[in-house]
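Engineer: First, the structure itself, so that you have it in front of you.
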Amino acid sequence: MESPSTPAVADPVQFRQEGEIAVITVDRPPVNALNTAVRRGLVEALGRAQREPAVAAVVLTGAGRTFIAGADITEFDRPPQSPSTIDVIAAVEQMGKPVIAALHGTPLGGGFEIALACDFRIAAPGTRVGLPEIKLGVIPGAGGVQRLPPLIGMERAMAMILSGETMAAEEALALGLIDAILDGDRIGEAVAFARRVLAEKRKPRRVRDRDDRLALLRADPQAFETMAAAHLKRSRGLRAPAAAVEALRRAITLPFDEAVARDWDVFLELRAGEQSRAQRHVFFAERDAAKIPDMPKDLAKDRRTVATAAVIGAGTMGSGIAICFANAGIPVTVVETNENALRRGLDRTEKNFRASATRGGLGASEAEARLALITGTTDLAAVGGADIIVEAVFEDMPVKQDLFARLDRLAKPDAILATNTSYLDVNAIAAKTARPEAVLGTHFFSPANLMRVLEVVRGEKTAPATLAATIALGRRIGKIPVVVGVCHGFVGNRIQRVRVAEGERLLLDGALPQEVDAALTKFGFAMGLFAASDLAGLDISWSMRKSQGLRAEIADRLCEMGRFGQKTRRGFYLYGEGSRTPMPDPEVEQLIVATSARLGIARRPIGPDEIVERVIFPMVNEGARILEEGIARRPGDIDVIWIYGYGFPAWRGGPMFYADTVGLPHICERLREWATLTGEKRFEPAPLLARLAAQGRGFGSLGDAAT
């Protein structure tokens, strides 16, 4: 027996023996990312365990909060370094002794691929496993695509790989993906498990040698094609999902080693592509979005935890926000002005949970438990015990100001007062309270229980502790919090207003709704601009414009005709009974042509490339203004909001990243051309955009603040 020794602090992989069991531990904080040093250390440690006669079995684990959480994404832009993850896996499979992966935390990507190569997998409670590579525009390249189907079947493997979603240990155990869930000391139990394997003379069992779950597909390849077609329908424009399906097809058509070698080549090819670069940008932008450099370093001492919540308003938005809290296990009180409105709101939340249970996304008992966390009342004083109060009433400044003045009197002293306004002045709302430091904006996107992004609007007097607590709460309820400043529309809706205005102008200049939408869906949006407006309801934007004294010639006229979109089966498009499929309407085309003539605009054909530029480039220009004003701190913040809040294609990286790929000089040139052609000042390049273009720089060159 070899005595355990204390490894050097810099050693990312540690080796020790407990009798006949070698324990190999990856220790590279914070998440044991699989970088070159870790891979090298694993190959050396596994080789040592193989050579050591006293070692009969190996436990492979990770120190800290997780097993190997995946590849080190910072290495993606560098040439591949040896040894590769495939080399680590080869060392596992060539061991000739049982290797047990003791999992905890989030074993993902390459880390989970190594676990799949082990003979046995055991996991601590709360472990979540997955192959999320698809979200970075690549496929699992070290054999995960080939090892997952023999373990859980092709259908489940395809769903897991193409979604990139994680799986809880309990489900993984039921599927046979792991062999046991630990109960107690992780390492001690893993060593005990290894000793049972030896005592029972259980032989090493390589996943690569299993075939029983794939035999039927080999005999009936059409079953695979049917399965694949259903998944690929949802991945228009993306390269990685099609590549993943092809890799899965190799699991039933090629020898194992040949399939893995091809997967690795495809992984490297995708990794070098623009789509993966864009999706990696989104990954880091999402991680950085809530980082606020000017927050006090000792803020942790004043960190507040939200234990209870209240939502004012039981409409569609208020109900969705209440569901967010309940899903996170936070009791929430919903307040309405009358019993009928309250009942409608509570019925809406109940219907939502029942639907989730029916679809299988939520167990019936869990749905009931979450529903029980939501209570309703018409007594505003019931908010008095809440740690956070979220206002979700009508977008009317006097109404909101009056409500916050009342909340100021009713809320407990340390409560957070949040407004869900999508465009009103948070400072003006906060000014109606005696505690503006406790007030901020929490702009949820509709439907609030589904949309992932949350604009956290920092007022002039919002206290750092209030901001920090709200960011933490946003993460807890499953959102991506992005801190923004106060201006009309903040970041998302301020840019959306520009996009909608350009869409309207395109109609007046010569395009039709279906032509604009076709160009944008081809660009990568899941839904076109006008189809999305019909879905949201044209009357909502109409009401907002009227309150500000603004007019949109086409959209307002449609509303005056009672055409509010899908809800009335007529908007920019026609909708059949019970159908959500938009159909071009000759009446709308006549209205557009007549309006152009009335305004003296000579219509002309507008191609899809110009449509995309006319919509996207002004958005980029407005984004540059937002950065220069400090409303958004980073270009990536804008990208995250637009990807998760408005459906900008993630594989294009968001509007600001996309602008860099196009080239800022080209965008400036086109904007100036339109400014000259139309005489419209809105097309003049923003100072920041013009400056970066002249310097040959992109938005990616900016630091934490635009300079």
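The values are calculated or read from the model by the stated rules, or taken from the named source; none is laboratory data. Here the structure is a predicted model, which means the values were calculated and not measured. Reconstructed Cβ throughout: ideal geometry from the backbone, glycine too, with neighbour counts over all protein chains shown.
Engineer: Tally the residues that are modelled with pLDDT under 95 and either touching a Gly at 6+ places or on another chain (Cβ under 6 Å) or crowded, with 23+ Cβ neighbours inside 10 Å (or both), restricting the search to region 455-465.
Structural biologist: 0
Engineer: I've got another one for you. Just the residues that are modelled with pLDDT under 95, surrounded by fewer than 16 Cβ atoms within 10 Å (Cβ to Cβ) and not charged (D, E, K, R), please, taken from region 665-690.
Structural biologist: Correct list: ALA675, THR676, LEU677, THR678, GLY679.
Engineer: Given the conditions (1) modelled with pLDDT of 95 or more; (2) in the same structural domain as LEU417 (by TED's automatic domain parsing); (3) out of contact with any Pro (no Cβ under 6 Å at 6 or more places or on another chain), and given that GLU258 satisfies all but one, which numbered condition is not satisfied?
Structural biologist: (2)
Engineer: Can you name the residue in region 528-562 that is part of a loop (DSSP other than H, G, I, E, B) and out of contact with any Leu (no Cβ under 7 Å at 6 or more places or on another chain) and, of all such residues, is surrounded by the fewest Cβ atoms within 10 Å (Cβ to Cβ)? Steps first, answer last, please.
Structural biologist: In the first step, residues of region 528-562 are kept if they are part of a loop (DSSP other than H, G, I, E, B); the result is 528, 537, 548-552, 561-562.
Those left that are additionally out of contact with any Leu (no Cβ under 7 Å at 6 or more places or on another chain): 537, 548-552, 561-562.
Working: GLY537: 17, GLN548: 9, GLY549: 6, LEU550: 13, ARG551: 11, ALA552: 19, MET561: 14, GLY562: 9.
The selected residue is GLY549.
Engineer: Separate question: Go through (1) surrounded by 23 or more Cβ atoms within 10 Å (Cβ to Cβ); (2) at positive phi; (3) not charged (D, E, K, R) for GLY329 and report which single condition fails.
Structural biologist: (1)
Engineer: Let me ask another. Being of a type in the set (S, T, N, Q) and crowded, with 21+ Cβ neighbours inside 10 Å is the filter here, so list the residues in region 302-321 that pass it.
Structural biologist: The one that is of a type in the set (S, T, N, Q) and crowded, with 21+ Cβ neighbours inside 10 Å: SER319.
Engineer: Moving to a separate point now. Going by the conditions given, is ALA602 of a type in the set (Gly, Ala, Ser), free of Cβ contacts under 8 Å to residues at least 60 places away in the same chain and in a helix (DSSP H, G or I)?
Structural biologist: no
Engineer: Kindly indicate whether LYS351 is under 19 Å from ALA468 (Cα atoms) and of a type in the set (D, E, K, R).
Structural biologist: Values: under 19 Å from ALA468 (Cα atoms): no; of a type in the set (D, E, K, R): yes.
No, not satisfied.
Engineer: Further question: Going by the structure shown, is ASP637 part of a helix (DSSP H, G or I), under 19 Å from the mean Cα position of the chain (by Cα) and more than 21 Å from ARG236 (Cβ to Cβ)?
Structural biologist: Yes; evaluated as a whole, the condition is true for this residue.
Engineer: Right, here's the next one. Buried (at least 22 other Cβ atoms within 10 Å of the Cβ) and at pLDDT below 95: is that true of ALA448 in this structure?
Structural biologist: yes
Engineer: So which of LEU173, LEU198, LEU162 is in a helix (DSSP H, G or I) and more than 18 Å from ALA102 (Cα to Cα)? Spell out the reasoning first.
Structural biologist: Details: LEU173 fails: more than 18 Å from ALA102 (Cα to Cα); LEU198 fails: more than 18 Å from ALA102 (Cα to Cα).
Only one candidate qualifies: LEU162.
Residue-by-condition table, conditions (1) among the charged types (D, E, K, R); (2) under 24 Å from the mean Cα position of the chain (by Cα):
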{"residue": "VAL23", "(1), (2)": "no, no"}
{"residue": "LEU34", "(1), (2)": "no, yes"}
{"residue": "ARG39", "(1), (2)": "yes, no"}
{"residue": "GLU52", "(1), (2)": "yes, no"}
{"residue": "VAL59", "(1), (2)": "no, no"}
{"residue": "ASP72", "(1), (2)": "yes, yes"}
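Engineer: Residues to consider are GLN514, GLN496; find the one that is touching a residue at least 24 places away in the same chain (Cβ under 8 Å), under 29 Å from GLY315 (Cβ atoms) and not β-branched (Val, Ile, Thr). Even if it seems obvious, please write down each step before you answer.
Structural biologist: Working: GLN514 fails: under 29 Å from GLY315 (Cβ atoms).
GLN496 is the lone residue from the list that is touching a residue at least 24 places away in the same chain (Cβ under 8 Å), under 29 Å from GLY315 (Cβ atoms) and not β-branched (Val, Ile, Thr).
Engineer: Out of everything in region 348-363 that is surrounded by fewer than 17 Cβ atoms within 10 Å (Cβ to Cβ) and at pLDDT 85 or above, what residue ends up being nearest to GLY376 (Cα to Cα)?
Structural biologist: GLU350
Engineer: Ok, one more. Quick one: what pairs do we get from region 412-423, first residue within 29 Å of SER541 (Cα to Cα), second assigned to a loop (DSSP other than H, G, I, E, B), C-beta under 6 Å, 6+ apart or different chains?
Structural biologist: ASN420/ALA392; TYR423/HIS488; TYR423/GLY489
Engineer: For region 254-290, which positions are assigned to a loop (DSSP other than H, G, I, E, B), without any contact (Cβ under 8 Å) to a residue 60 or more places away in the chain and not aliphatic (A, V, I, L, M)? Even if it seems obvious, please write down each step before you answer.
Structural biologist: If we filter region 254-290 for residues that are assigned to a loop (DSSP other than H, G, I, E, B), which is where we start, we get 254-255, 272-273, 289-290.
From what is left, the residues that are without any contact (Cβ under 8 Å) to a residue 60 or more places away in the chain are 254-255, 272.
Across region 254-290, the qualifying residue is only PRO255.
Engineer: Could you say which residue among ARG406, ARG370 is touching a residue at least 24 places away in the same chain (Cβ under 8 Å), in contact with a Gly (Cβ under 9 Å, 6 or more places away or on another chain), assigned to a helix (DSSP H, G or I) and assigned by TED's automatic domain parsing to the domain that holds ALA472?
Structural biologist: After ruling out the rest, the residue left standing is ARG370.
Engineer: Determine, yes or no, whether ARG236 is out of contact with any strand residue (DSSP E or B) (no Cβ under 6 Å at 6 or more places or on another chain) and assigned by TED's automatic domain parsing to the domain that holds GLN94. Show your work before the answer.
Structural biologist: On the way: out of contact with any strand residue (DSSP E or B) (no Cβ under 6 Å at 6 or more places or on another chain): yes; assigned by TED's automatic domain parsing to the domain that holds GLN94: yes.
The answer is yes for ARG236.
Engineer: Right, another one. Could you run through region 177-195 and say how many residues are more than 16 Å from PHE67 (Cβ to Cβ) and outside any helix (DSSP H, G or I)?
Structural biologist: 2
Engineer: Any idea which residue in region 45-98 is nearest to VAL207 (Cα to Cα), counting only those that are of a type in the set (S, T, N, Q) and at pLDDT below 90? Outline the logic, then answer.
Structural biologist: Quick first cut of region 45-98, residues of a type in the set (S, T, N, Q) only: 50, 61, 66, 74, 81-82, 84-85, 94.
Within this subset, residues satisfying the condition of being at pLDDT below 90 are 74, 81.
Values: THR74: 30, GLN81: 26 Å.
Selected residue: GLN81.
Engineer: Give region 382-396 a look and list any residue that's β-branched (Val, Ile, Thr) and within 14 Å of ASP414 (Cβ to Cβ), or say none.
Structural biologist: Result: VAL383, ILE388, ILE389.
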